[in-house]
1. Evaluate the following for GLU1315: is it free of Cβ contacts under 8 Å to residues at least 12 places away in the same chain and surrounded by fewer than 22 Cβ atoms within 10 Å (Cβ to Cβ)?
2. Go through (1) free of Cβ contacts under 8 Å to residues at least 40 places away in the same chain; (2) in contact with a Phe, Trp or Tyr (Cβ under 9 Å, 6 or more places away or on another chain); (3) open to solvent by less than 20 Å² (accessible area, probe 1.4 Å); (4) not charged (D, E, K, R) for ALA465 and report which single condition fails.
3. Please specify each residue of the range 651-674 satisfying the condition of being part of a loop (DSSP other than H, G, I, E, B), under 35 Å from the mean Cα position of the chain (by Cα) and touching a residue at least 12 places away in the same chain (Cβ under 8 Å).
4. Could you please find all residues in the range 1247-1303 being among the small types (Gly, Ala, Ser) and buried (at least 24 other Cβ atoms within 10 Å of the Cβ)?
5. Can we say ALA558 is farther than 30 Å from TRP892 by Cβ, open to solvent by 70 Å² or more (accessible area, probe 1.4 Å), of a type in the set (A, V, I, L, M) and at pLDDT below 95?
6. Can you list residue pairs whose Cβ atoms sit under 7 Å apart, with the first residue in the range 83-103 being outside any strand (DSSP E or B) and the second being charged (D, E, K, R)? Count only pairs 6 or more apart in sequence or on different chains.
7. Just checking, how many residues over the range 1153-1195 are open to solvent by 10 Å² or more (accessible area, probe 1.4 Å), touching a strand residue (DSSP E or B) at 6+ places or on another chain (Cβ under 7 Å) and among the hydroxyl-bearing types (Ser, Thr, Tyr)?
8. If only one of LYS509, LYS503 is farther than 30 Å from PRO1255 by Cα, in contact (Cβ under 8 Å) with a residue 12 or more places away in the chain, more than 36 Å from the chain's Cα centre (by Cα) and open to solvent by 40 Å² or more (accessible area, probe 1.4 Å), which one is it?
Amino acid sequence: MAPGLLVSEPAVDPSQTRSLGAITEEWHDTIVFYLNGTKVSLDTADPEITLLEYLRGIGLTGTKLGCAEGGCGACTVVVSQYNPTTKKIYHASTNACLAPLVSVDGKHVITVEGIGKVDKPHPVQERIAKGNGSQCGFCTPGIVMSAYALLRNHDNPSEQEVEEAFDGNLCRCTGYRPILDAAQTFSAKRSCGMSTANGGKGCCMENGGSNGCGGKKVEGDDQPIKRFTPPGLIEYNKDTELIFPPALKKHDFRPLAFGNKRKRWFRPTRLDQLLELKSAYPSAKLIGGSTETQIEVKFKAMNYTHSVYMGDIVELRQYEFKDDHLEVGANITLTDLEDLSKQAVERYGAHAGQPFQAIYHQLRYFAGRQIRNVGTPAGNLATASPISDLNPVLVALNATLIAMSVHETIEIPMSEFFQGYRVTALPPDAIIAAIRIPVFGKGEYMRAYKQAKRKDDDIAIVNSALRVKLSDDNVVEDCSLVYGGMAPITTAAKKAMTWLKGKTFTDPKTLEGVMSELEQDFDLRFGVPGGMATYRKTLALGFFYRFYHEILSTLPSAQKQEIDQDCIEEIEREISKGTKDHTVGEAYEQKILGKERPHVAAMKQCTGEAQYTDDIPLQKNELYGCLVLSQRAHAKIVSVDSAPALDLPGVAAYVDHNDLPNKEANWWGAPVCDETFFAVDEVFTHGQPIGVVLGTSAKVAEAGARAVKVVYEDLPAIFTIEEAIEKESYFDHYRFINNGDVDKAFAEADHVFSGVARMGGQEHFYLETNAAVAIPKPEDGEMEIWSSTQNPSETQAYVAQVTGVAANKIVSKVKRLGGGFGGKETRSIQLAAICAIAAKKVQRPVRCMLNRDEDILTSGQRHPFLARWKVAVNKDGMLQALDADVFNNGGWSQDLSGAVVDRALSHIDGCYKIPNVFVRGRIAKTNTVSNTAFRGFGGPQGMFIAETYMEEIADHLKIPVEELRQKNMYKTNEPTHFKQELKDWYVPLMYKQVLEESKYAQRRAEIETFNKEHKWKKRGISIIPTKFGISFTALFLNQAGALVHIYHDGSVLVAHGGTEMGQGLHTKMTMIAAEALGVPQENVYISETATNTVANTSSTAASASSDLNGYAIWNACEQLNERLAPFREKLGKEATMKQLAHAAYFDRVNLSANGFYKTPDIGYVWGPNTGQMFFYFTQGVAAAEVEIDCLTGDWTTRRADIKMDVGRSINPAIDYGQIEGAFVQGLGLFTMEESLWHRASGSIFTRGPGAYKIPGFRDIPQEFNVSLLKDVNWENLRTIQRSRGVGEPPLFLGSCVFFAIRDALKAARKEWGVEDLLSLRSPATVERIRNSVEDPILKRAEVKAREGEKSFFVST
């Protein structure tokens, strides 16, 4: 029955209603589906597991768990199904972490393992792998499956479709550019062999032809033009794909009922069955896409004992076009509603179809494709989210909901549906069956708007749907001004609507009147839940301002001079593109070194065969651990009662500080042991481990952890650096660098300027959370510990400590990490040690992989920084002195905070010569999570301080900041403030090259013209240099070992102390070994990093791992070459390694060598300011251009040009990947990534992808050009291949986007007569951008704190 034919009679005769048991008595209990082409029947399915848990449980571990909330895409699979809406087979990319197992009955589930293997990859897998689109690889299977779904649904997709295909996927490593480049080889434009993009003369479409070449015949040619396949790659042929199983075309969708005493699932297949269920059990949870329910179950411990899956009820997924409305089944997917909206616009025309254009506009940026493929309008409505993007549109249209129960069918106007926070007018026994969406008539106008932290896949901060109905003389007859994000429910601006009715829309006074009424409608207080009071109010007014002028521009009778044309258009991106210089290695490449080669594990990562810590097969008798974490920021522990947990079935043990061999074993930390593995009498941060519960499954352990009762006595807490300074709360660490005579310089300088630089922290957001598996051995206290760590040796040391044995009994192993970025340098030790304590207690293997929220709560972040600076400068713009007090927020324990603030002090000069410097560093002690290492390790914060004072000094002096930078830039061999001479110094050269290659001066002139012509859109541009010191500042860490074995068959096994976390370390190390030994790279293998092969290793950090481990391997290979020299001489130059090894073995020659390397020359001494701090500096320059929307704070990076000096690159392809990834991570740091704490509870709020936003695919520069410095000599560089470390240095270059935004904001403020100094805090979020404009709308919307009132959130 189509919704358009719904009748008012009861669906089931009241006399026939039955009990739940009676209704489902004859229902089936077996789920039948296909998995990678094979039929699966489950008659004992666990009702509490998701599709992801099922897949990983049966060994298909290619599908990853990244967030468990559908926000990262790592778990993406494809679910192929017959779509009852479109009557076609649809291949839906789906978040397996959210999908209940019942949802795949009658469908074909395809995982990354099902489409290809290393020896026979799918073209998508191959192109991403060979195109360097996989680094750590943890996100890669999900990205592969999103691309696969696109191709299955559109075998010839457009460039736009490719660009938007990944809106539900995140990657933290690559910077996205290589993934998009690989995916675009499948697009219609770039896949044509004749297209200009592929070096041809232009395809028929480009040359003005109307006959597309996507497989269609061209006049005069009997053959279709063949899809272009890049050289050496597998051609894509859709006919070779997995077919939709014929048996599923005949699948009988029978009603299902299955479960256990804790949980039961029902899957009706007809509407009458659903209504009977709802009547018999009104509180049963109705599930459409499970996109919110699964999050409630996972993170809020909601327990829905009876759930009803509605996705297979055909009647609820139909639609019908009527003359005056479109009626859609309420359970249609959002993807289908998106397509249907486009059809409706075509059917009804642009004017009458405005409601559907508004729906389409909101759905385009509604979550990710995976969510839209399963989410439904009914789910949006029933959950009654106050920030739903769809609900304001339906309320503004006053659409009609058709609600059905067993007894009646009723119509509910949308204007009456939302009654309170998460409360609706839907009767308890009713379901939302359909929605009637009206078609517009004459004089009706509507637009919908949304603003979020990030454009794609983000929940709204504020959204709105605005509608007016005008008479022939433009008098407002009716209107709807509906907003989300401004109240606990989707709400109408009632005062403004009342005022607007009867007014002449084209009268300028109308705009002012509505704006005044909106101020009254949304009189937010400063501490409003959700925060951002001023910004939200400004958006509410700004949306109407945009709407007013947009509608005015469509009215023929409107006076054009009254229309503010510039405010109408939103910022839209072009198809992104980019260039790289692939000739850079030609001047110095050798047989292997210097050449571009893919990551050695990329293909395994793309096919799901690469193994991470939690992919290790289950051990016999294994238990799962779940941490019991503090729920207070600072409190005494009054009592801990684990008995309720131990009473739960499946809970095996509770472990805490009492299970350690002695009290001292509980203490850890580097370099200061000031932290405990388990809290004892007091907790110092929300999320501090108190204990761990062990269970037979992860779910059992989680339930047990929730059952542990902890009683607290609250104590005062400190969160921000400012609060710590006020209360003098510091760690015992103080360092300074004093060079020259600062006081004299300040006394003699022409100008002295002072200011404050402030930047927030950053969550690592590696896609693989911290994980560990502890395996106790039966003898002598031995234990094997697998951990996702950058620091195996320190892991080994602390596991030995907590288990009470010597280090030689502990083997710490790492296969690979799904990203690290410094976050797994020390903080990973906590989880590994806790698992080891637990494993020793129960003498069983213990596994734990943290949920995303647990990881963020416990693992620490990049340090927030505050600097109070004072700079002396002369009239000619030459810097004379710098004095600064620098503070970082260490959190509750010291961790590596001292070394981080030290590095900030050493980088606070940026790239500028300052003759007199006195800078001091302190660590603020607060009650936030203990902050730790993060890519850059204080360097970016120090350089941010430098560029902040450079920007502000230039503004004070009224000179271009580019001129100030060039004037003060170091010259070759000049000493820094810590007295290290700059050798091989090429920043000035690169600065000049980037200015020229980016056409900086021309674009600066164009931007000035643009800004004069546009009031609400402003552009800015900036160019930023960087120098980053390479070496651990702790001298003893600058060493490495390696072990190289040559086997009989000529194959080579290499072990070294570094861990592979996506940065391509193993790739470079195999290349070095292959070059040194004269063997093909494929003959060299690195299995894992382990403390029983290479001992006493340093952590993989400081961008020094290639230098250290590379030379250690080279040293080992030199020893082997020396031993093999006689055999080479005897057997000749053409002898293979197999022949050499064979001969050497029989001559009793050792074919194993232990290599070692330590960095020479370095050894800085703090205080006296003597000794060399760094071995060398990696350098770079980047320029970026942005455009900001001054009405909303939205922005885009139009272009970025990066040039890095990495010396003679070992592998340019790997280095390019590091540069792009670091730049985008830096872009996130300085723009959208903001960590927020909930003031009342002291808990971090931004604890997952729903609230914390890293850059997505469509946040990267629209034009992204990267090159490496070439045609110079590196005379003083004494590293392997004369290469430079590249992991961390490019990150700070992302700040050029921040400073380009600041440049645009200066123009925006000038527009409104504001030319005082702009002090912009990092990150430059959309809120900060909008609130910095200082236009009349902002000023009238400003919300000021009343006495004693504090903000809802805290930014530390």
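1. On the way: free of Cβ contacts under 8 Å to residues at least 12 places away in the same chain: yes; surrounded by fewer than 22 Cβ atoms within 10 Å (Cβ to Cβ): yes.
So GLU1315 passes the test.
2. Among (1) free of Cβ contacts under 8 Å to residues at least 40 places away in the same chain; (2) in contact with a Phe, Trp or Tyr (Cβ under 9 Å, 6 or more places away or on another chain); (3) open to solvent by less than 20 Å² (accessible area, probe 1.4 Å); (4) not charged (D, E, K, R), the lone unmet condition for ALA465 is (1).
3. At the first step, the residues of the range 651-674 found to be part of a loop (DSSP other than H, G, I, E, B) are 656, 660-662, 669-674.
Now restrict to residues that are under 35 Å from the mean Cα position of the chain (by Cα): 656, 669-674.
ASP656, GLY669, ALA670, PRO671, VAL672, ASP674, listed by residue number.
4. As a first pass, look at the range 1247-1303 and keep what is among the small types (Gly, Ala, Ser): 1248, 1250-1251, 1256, 1267, 1283, 1285, 1287, 1294-1295, 1300.
GLY1256, SER1283, GLY1285, GLY1287, GLY1294, SER1295, ALA1300, listed by residue number.
5. Values: farther than 30 Å from TRP892 by Cβ: yes; open to solvent by 70 Å² or more (accessible area, probe 1.4 Å): no; of a type in the set (A, V, I, L, M): yes; at pLDDT below 95: yes.
No: the conditions fail for ALA558.
6. Filtered contacts from the range 83-103: PRO84/ARG317; THR85/ARG317; THR85/ASP336; THR86/ASP336; VAL102/ARG267.
7. Going through the range 1153-1195 one residue at a time, the tally reaches 3.
8. Numbers: LYS509 fails: in contact (Cβ under 8 Å) with a residue 12 or more places away in the chain.
When all the criteria are applied, what remains is LYS503.
The values are calculated or read from the model by the stated rules, or taken from the named source; none is laboratory data. Being a predicted model, the structure only gives us computed values, none of them experimental. Note: ideal-geometry Cβ built from the backbone for every residue, glycine included; neighbour counts use all protein chains shown. Protein only, heavy atoms only, side chains kept; ligands, DNA and RNA dropped before computing areas. Shrake-Rupley method; radii C 1.70, N 1.55, O 1.52, S 1.80 Å.
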